[in-house]
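Everything on this sheet refers to the single structure shown next.
The values are calculated or read from the model by the stated rules, or taken from the named source; none is laboratory data. Keep in mind it's a predicted model, so treat the numbers as computed, not measured. Neighbour counts run over all protein chains shown; Cβ positions are idealised from the backbone, glycine included. The accessibility values were calculated without ligands, DNA or RNA, using every heavy atom of the protein model including side chains. Shrake-Rupley method; radii C 1.70, N 1.55, O 1.52, S 1.80 Å.
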Amino acid sequence: EAQVTQNPRYLITVTGKKLTVTCSQNMNHEYMSWYRQDPGLGLRQIYYSMNVEVTDKGDVPEGYKVSRKEKRNFPLILESPSPNQTSLYFCASSPRHRANTEAFFGQGTRLTVV
Amino acid sequence: GENVEQHPSTLSVQEGDSAVIKCTYSDSASNYFPWYKQELGKGPQLIIDIRSNVGEKKDQRIAVTLNKTAKHFSLHITETQPEDSAVYFCAASNQAGTALIFGKGTTLSVSS
């Protein structure tokens, strides 16, 4: 089944404790992206990648890192999480090297930083 | 940069009625306008999209219209059903094609 898989689905952590949210897609898509969803703010892009070893900042990149060492994986790293990073996170992938085509989203990761 | 405004934020209709959600965008270079449906506990899922060279697109009960001059596009759902209840997001691609800029979402409730 074609899908984007995120892990974990739920995570509660403490301020300052490094964490990684994994994202993997099995559709051989070039483009991958991370979004955060907050009430009343919709979905905002954190980082994106148009291909292996090519990443760039989205609208809200502060406090986050990403890597794209393989085509299928695009982990989101929070080196020192803070409470304002409590949010619902989505990974998405799209065919081709651009965002202007259908995006396939993962199920989401609900992160709470206390 | 691109900005997408979406209205209304909430919409309640009776089963069988039509629902319309409207979005405006700021970047005249945007060329791709998708609509996503998000059910509770799930990720957004594409329901219909339209490109800037097309004025209208329809898929069964769902249709999208695009007015490039006015920079707005709309989602139309006819004969609504309770399973249409969800959060709907519009989006527009930015000029570089590197991102989708999303509206803030519309919570649609269809009561039977």
- Please report, in cubic angstrom per residue, the volume enclosed by the convex hull of the alpha-carbon atoms of segment B:35-97. 94
- Query: Say we join alpha carbon atoms closer than 10 Å with springs in a Gaussian network model of chain B; which of B:75, B:66, B:11 then has the biggest fluctuation?
  - Reply: B:11
- Message: What number comes out for accessible area per residue over chain B if the probe is 1.4 Å? Units Å², please.
- Response: 48
- Query: Could you give the semi-axes, largest first, of the ellipsoid that matches segment A:44-114, computed as the square roots of 5 times the alpha carbon gyration tensor eigenvalues and rounded to whole Å?
  - Reply: 22, 14, 11
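Please report, as a whole percent, how much of the solvent-accessible surface of chain A comes from carbon and sulfur atoms (probe radius 1.4 Å).
Carbon and sulfur: 50 percent of the exposed surface of chain A.
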- Task: Normalise the Debye intensity by I(0) for the protein assembly as shown, one equal point scatterer per Cα, no solvent, then take log10 at q = 0.10, 0.14 Å⁻¹ and round to two decimals.
- Result: -0.44, -0.86
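Any idea what the dipole of chain B comes to, in debye rounded to 20, about its Cα centre with Lys/Arg Cβ at +1 and Asp/Glu Cβ at -1?
My answer is approximately 300 debye.
Could you tell me which of rounded, prolate or oblate describes chain B, using a ≥ b ≥ c as the square roots of the eigenvalues of the alpha-carbon gyration tensor, with rounded for a/c under 1.5 and, failing that, prolate when a/b is larger than b/c and oblate otherwise? It would help to have the intermediate numbers written out before the result.
Working: a/c = 2.04, a/b = 1.64, b/c = 1.24.
Judged from the Cα gyration tensor, chain B comes out prolate (a/c at least 1.5, a/b above b/c).
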- Query: Using 7 Å Cα-to-Cβ label points, what is the residue A:7/residue A:96 separation (nm, one decimal)?
  - Reply: 3.3
- Task: Express the C-alpha Rg of segment A:1-107 as a ratio against the empirical globular expectation 2.2 N^0.38 Å, rounded to two decimals.
- Result: 1.00
- Message: For a protection proxy built on the mean count of beta-carbon atoms within 10 angstrom, sort B:12-18, B:92-98 highest first, please.
- Response: B:92-98, B:12-18
- Antiparallel bridges, percent of DSSP beta bridges restricted to chain A (to nearest 5): 90
